[in-house]
Amino acid sequence: MSLARNATASQSPTQTNGYERHQPDQTLLYQLVEQHYPAFKASLEAQGQHLPRYIQQEFNDLLQCGRLEYGFMRVRCEDCHHERLVAFSCKRHGFCPSCGARRMAESAALLIDEVFPKEPIRQWVLSFPFQLRFLLARHPQLMGQVLSIVYRTLSTHLIKKAGYTKASAQTGSVTLIQRFGSALNLNVHYHMLFLDGVYAEDDYGKQRFHRVKAPTYDELNTLAHTLSHRIARCMEKRGILGVMPRIRG
């Protein structure tokens, strides 16, 4: 983020970047999907199987993203009266790299400018065993329930480590749930940006931030065991899981 800001600040005030229309149909990803997706879908239907509706929507929207024939708006300069046609984008964040990158940049700017306080932030990453990844992907409603367990566990750990109770201090986090690994393999995992400490009221009634030390190896092991037990109990109550594999933190 800082590199982007520095690059922007170094430009001359009169320097502008030329507009170049997005042409997704020229990318390899688009061409692969356009060529093989219809045959893949037809093959599944011939076997009596169907892709989930939301996956079909992702593919269909990708094939229409940035294409003028699927809708556009006309932009006109008030000074020189020059006009351009700007195609509608799919605004998806599943397969479309253009819309996904735009959403990621906008989200990062929002977090830095409007959400995070000027305090230290630590990233916590929680990955799951293969069996549990498939269960979470199959039952997406569980992702929120598991996230609630993880948040309560980590926030309680930070509050106690700072020497406070949940009644006298609080912390916060923003979580990004990723469903794929770098090789596009199914890998449901959580990236949690946690305040590296807690807020507590001082003797004058003002909220003060109290930073905690970095977690030790023993603390990470304890947290992993606690999360494994609590997530297993949650899934067993819902009849989804019999024996819980060990979670890797």
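For the chain, lysine pairs with C-alpha atoms less than 29 angstrom apart, excluding pairs fewer than eight positions apart on the same chain, total 14. Separation of the range 189-223 and the range 23-95, taken as the distance between their Cα centroids, equals 43 angstrom. The length gained by stretching the chain between R238 and H93 to full extension, at 0.36 nm per residue less their Cα-Cα distance, is 49.2 nm.
Between L147 and L176, the simple label model (points 7 Å from Cα in the Cβ direction) yields a spacing of 1.3 nm. Computed packing ranks the peptides 201-209, 126-134 as 126-134, 201-209, most packed first, by mean other Cβ atoms within 10 Å. Modelled this way, with points 7 Å down the Cα-to-C-beta line, the labels at H22 and S168 are 5.1 nm from one another.
If you plug the beta carbon distance of E114 and N221 into 1/(1 + (r/R0)^6) with R0 = 41 Å, you get a FRET efficiency near 0.70. Legend: calculated FRET efficiency, Y37 to D202, from the Cβ-Cβ distance at R0 = 35 Å, rounded to 0.05, equals 0.05.
I'd like the FRET efficiency for L29 and C80, computed as 1/(1 + (r/R0)^6) with the beta carbon distance as r and R0 of 51 Å, rounded to 0.05. Kindly include the intermediate steps, with their values, before the conclusion.
Numbers: r = 36 Å, r/R0 = 0.70.
Calculated value: 0.90.
Within 10 Å, count the other beta carbons around each residue, average over each peptide in 30-37, 148-155, and list them highest first. Can you show the working numbers first?
On the way: 30-37: 13.8, 148-155: 16.4.
Most protected by this proxy first, the peptides run 148-155, 30-37.
For the chain, the spread of Cα positions along the three principal axes, ordered from largest to smallest, is 63, 60, 27 Å.
Rule-based calculations on the coordinates, nothing more; no lab input. Source: prediction; values computed, not measured. Cβ sites come from the backbone with ideal geometry, for glycine too, and all protein chains shown count toward neighbours.
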